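Structure, as structure tokens:
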Amino acid sequence: MSDHPKKPHYLPAQPYLALNRAVGIVDRELDTLGTFLVGSVLERPDFRDVDVRTIMADEVYDRLFPGGESGTDSDAFWSLLCTAIGGYLSQATGLPIDFQIQRMTEANLLHRGLRNAISSAGGRYYPGELPSFARARGKAVVP
């Protein structure tokens, strides 16, 4: 077993910071509860793509995607919006992004894995490394 603590994710520093900056517009303009890293990027360094999920309150999601059933116009709009935002995030970060918007109830019931919140406010520090003020003589200071 390794003496090293598990990393919060396996993204390189610059793409991680770029992703945090890029999701700010998504969170501001779509009235979200937050945007999160999920999936293999939280578990291992050999991830295939970066799963990013934005969660909306049920009533906000239902207003934006009325009906929301597979094969409906609402489903087509959801697909278009997710593809467009995923393309924007990929372009902004250079990462292969798999982006989806999720309704809060379904996200909590069906997807119980790890979530790592990302936001424009959270991109000031790279959690893969401790900033200098949190280190003392080469050893991490734990509050």
With 10 angstrom as the radius, rank M104, M56 by how many other C-beta atoms surround their C-beta, starting from the fewest.
M104, M56
What FRET efficiency would be calculated for the residue pair R48, K7, taking the C-beta separation as r and a Förster radius of 25 Å, to the nearest 0.05?
0.90
To check my understanding: the extent here is largest minus smallest coordinate of the Cα atoms along each principal axis. What are those three numbers for the range 13-123, in Å, largest first?
39, 26, 24
Long-range share for the range 1-66, i.e. C-alpha pairs more than 14 Å apart as a percent of all pairs, stands at 66
Mean separation of Cα contacts under 8 Å (6+ apart) over length of the range 13-123, as relative contact order %:
42
For K6, what is the net charge nearby, where nearby means another residue's Cβ is under 11 Å from its Cβ and Lys, Arg count +1, Asp, Glu -1?
+1
For N108 and E29, what is the calculated FRET efficiency with R₀ set at 30 Å and r taken between the beta-carbons, to the nearest 0.05?
0.80
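Bear in mind these aren't lab numbers, they're just calculated from the coordinates by the rules spelled out. Please read all numbers here as calculations on a predicted model, not as lab measurements. Cβ sites come from the backbone with ideal geometry, for glycine too, and all protein chains shown count toward neighbours.
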